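Here's the structure we're looking at; comments come further down.
The values are calculated or read from the model by the stated rules, or taken from the named source; none is laboratory data. None of the values given here were measured: they were computed from a predicted structure. So basically every Cβ, Gly included, is an ideal-geometry build from the backbone, and we count neighbours across all protein chains shown. With ligands, DNA and RNA removed, areas are computed over all heavy atoms of the protein, side chains included. Shrake-Rupley method; radii C 1.70, N 1.55, O 1.52, S 1.80 Å.
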Amino acid sequence: KGLRSEGTGLYPLRGPFKNVALLPFSLRLLGGGGMLVSKMAAAWPSGSSAPEAATARLLGVLWFVSVTTGPWGAVATSAGGEESPKYPKINDATQEPVNCTNYTAHVSCFPAPNITCKDSSGNETHFTGNEVGFFKPISCRNVNGYSYKVAVALSLFLGWLGADRFYLGYPALGLLKFCTVGFCGIGSLIDFILISMQIVGPSDGSSYIIDYYGTRLTRLSITNETYRKTQLYP
């Protein structure tokens, strides 16, 4: 303890590691290898017991974990506290952007820091990254309480009773499937495929409630206004 040698450069560690090891910091490696090994062996207490070695290893592991995880945790907390919402706020019940009206919702847009904008009146506004610059309209869907997961589950397990059609608002087809045991199973299979592919939806024309970032399918149709481009072969 307290060993200090200017010639060998052996210095004990401070804190909880002062009795663990002696590390060389200022020893000239060229031509001093043998002296380093011999003096480190002399400085290290012989006959160290097994509990002391286990304690030293445990302290080393704890020190490594505290060093590697501490700064990252602080950075993550700081970043999370300073981050501003830049994505649409999703309604948990409808899984659509909040204030969705007439298939349109408005999302707050934050200009990048150090951006200066001038309006038509000549007024300049300097943004720091935390101010709302404008609201961007995005498309959203009209939902009316029909869950996609519930419809698929009913079609899979109770489709032969017409439960899926009753749930989606087709009582006549549901009753017909109930009386025919799902058209002998064929109708139940067809309905399961159509509902799973989101081709058959609620009877009121609304959309299914599906996770906003989930598996949503968009059907593309061809009309008279669709532009057709002739493919040019090489």
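Tabulated data
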quantity	calculated
Given (1) open to solvent by less than 40 Å² (accessible area, probe 1.4 Å); (2) in contact (Cβ under 8 Å) with a residue 24 or more places away in the chain, index of the condition Tyr103 fails	(1)
Unmet criterion (only one of (1) at pLDDT 65 or above; (2) touching a Phe, Trp or Tyr at 6+ places or on another chain (Cβ under 8 Å)) for Glu124	(2)
Meets criteria (in a helix (DSSP H, G or I), open to solvent by less than 50 Å² (accessible area, probe 1.4 Å) and either modelled with pLDDT of 50 or more or closer than 29 Å to Asn144 by Cβ (or both)) for Ala56	yes
Helices (runs of 4 or more DSSP H) within segment 160-214 that include 3 or more residues free of Cβ contacts under 8 Å to residues at least 24 places away in the same chain and among the aliphatic types (A, V, I, L, M)	171-179, 186-196
Search result, residues across segment 176-234 that are among the β-branched types (Val, Ile, Thr) and open to solvent by 100 Å² or more (accessible area, probe 1.4 Å)	Ile186, Thr215, Thr218, Ile222, Thr230
Residue tally, condition under 25 Å from Asn91 (Cα atoms), touching a strand residue (DSSP E or B) at 6+ places or on another chain (Cβ under 9 Å) and part of a loop (DSSP other than H, G, I, E, B), over segment 101-122	3
